[in-house]
Amino acid sequence: MPFVTDEIASQPDCWRQAVMLADKTGTMLPRPGERVAILGCGTSLFIGQSYAALREAAGHGETDAYAATEFPQGRRYDRVVALSRSGTTTEVLSQLTRLRGSVPTVALTADPVAPMVDLADETVVLNFAEEHAVVQTRFATSALTLLRAHLGIALEGAIADAETTVAAPLPAGAVERRQFTFLGTGWTIGLANEAALKMREASLSWTEAYPAMEYRHGPISITDTSSVVWFLGAPPTGLVEEIRKLGALVVSEAQSDPVAELIRIQRLAVEIGAAKSLDPDRPRNLSFSVVLSPASGAGIS
């Protein structure tokens, strides 16, 4: 059995530990009123996007999420949060090095001895969510759970939903479809981006992600009977009906916590990959961490 299968199934327990850890972070994580930037690459960027939207919506202060290479030099922030499962991602380390001494930084990682620990002012370690698979699942959702809990969001229902989605049936007919679009609104746009990434990584499928209302503005043109359109969170009024008329399989579980729904998408991605004889623990062209050599242009200008 692939490592990723067990790691996906372990998420409800990891989330419980993340909630408990949130109570112990003290003043390390962003405080209400601070202007905050979140840095990450790939999955960590998308988790940062979701957190940024949640934090602003909760009234805790301006919050921006950036790919590590795209951080705007000279823009003032009160705190910078860097996410990296391995703690070795070259672009994140380069940005933390540049920021040293200019703004308080906090690292979220699964490895307590990773290089980013030495570069950040504070570190929150989610070692209970460390992973063996290249495809990232439980670290990402546990980091977001930690950040949601720190915002004061009650997560008992989300954890209960996660217990359901680790074993719930996958949408009938989804494995046989060939094109997948994930749609979100507000904080779930980041989750839609992450869902699409998981489907690409684990199954090499044709996937896209958009803000839900943007789907009508061009992307809907690809939709047909081979498509799955999956909403993370409640869909805009009338959009589900429009899409169904085009023959797509629509998945909309608005009553389920959107991060818990991401678990079902992770499972679908792995199942489709297995049907293609792919190894989700070691996807094509990917490694556990992106560590670049100086000659590759790893520096941040």
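The values are calculated or read from the model by the stated rules, or taken from the named source; none is laboratory data. Quantities reported herein were computed from a predicted structural model and do not represent experimental measurements. Cβ coordinates were reconstructed from backbone atoms using ideal geometry, including for glycine residues, and neighbour counts include every protein chain displayed. With ligands, DNA and RNA removed, areas are computed over all heavy atoms of the protein, side chains included. Shrake-Rupley method; radii C 1.70, N 1.55, O 1.52, S 1.80 Å.
Some notes on this structure:
- At R0 = 45 Å, FRET efficiency that the Cβ-Cβ distance of E242 and A9 yields, to 0.05: 0.80
- Within-10-Å neighbourhood charge of G233 [Cβ basis; K, R +1; D, E -1]: -3
- Ordering of 181-190, 252-261, 54-63 by packing is 181-190, 252-261, 54-63, highest average first (other Cβ atoms within 10 Å, averaged per residue).
- Think of a 1.4 Å ball rolled over the protein heavy atoms: the chain then has 41 Å² of accessible area per residue.
- Segment 38-122: C-alpha pair distances exceeding 19 Å, %: 31
- Positive-pole candidate from T181, Q95, W15, dipole of the chain, charges at beta carbon: Q95
- The value obtained for segment 130-227, namely the Cα convex hull volume divided by the number of residues, is 120 Å³ per residue.
- With respect to the chain, whose longest principal axis is taken over its alpha-carbon atoms, helix 11-22 is tilted by about 30°.
- Taking 0.36 nm per residue of separation and subtracting the current Cα-Cα distance, fully stretching the chain between E271 and T97 would add 58.7 nm.
- Under 26 Å from K198, Cα to Cα: lysines that are on another chain or at least 8 residues apart: K276
- With a Förster radius of 35 Å applied to the C-beta separation of E163 and Q73, the computed FRET efficiency comes to 0.20.
- Viscosity 1.002 mPa s, temperature 20 °C, Stokes-Einstein D of the chain from Kirkwood C-alpha radius, µm²/s: 110
- Element breakdown for the chain at a 1.4 angstrom probe: carbon and sulfur atoms account for 52% of the accessible area.
- Packing-based ranking, highest mean first, of 210-217, 266-273, 236-243 given that Cβ atoms within 10 Å are counted: 266-273, 210-217, 236-243
- Cα gyration tensor shape of segment 1-40, rounded if a/c is under 1.5, else prolate or oblate by comparing a/b with b/c: oblate
- At q = 0.19, 0.22, 0.30 Å⁻¹, base-10 log of I(q)/I(0) for segment 131-187 (Debye sum, equal scatterers on each alpha carbon): -1.05, -1.20, -1.16
- Per residue, the average separation of C-alpha pairs within less than 8 Å and at least 6 apart gives the chain a relative contact order of 21 percent.
- Ignoring aspartates and glutamates fewer than eight residues from K24 along the same chain, the ones with Cα atoms less than 15 angstrom from its Cα are E122.
- Counting only the Cα atoms, segment 194-285 fills a convex hull of 100 Å³ per residue.
- Cα-only Debye scattering, segment 75-206: base-10 log of I(q)/I(0) at q = 0.12, 0.20 Å⁻¹: -0.60, -1.33
- Segment 182-241 - convex hull of the alpha-carbon atoms, volume per residue in Å³: 75
- Summing Lys and Arg as +1 and Asp and Glu as -1 over all other residues whose Cβ lies under 12 Å from the Cβ of I263 gives a net charge of -3.
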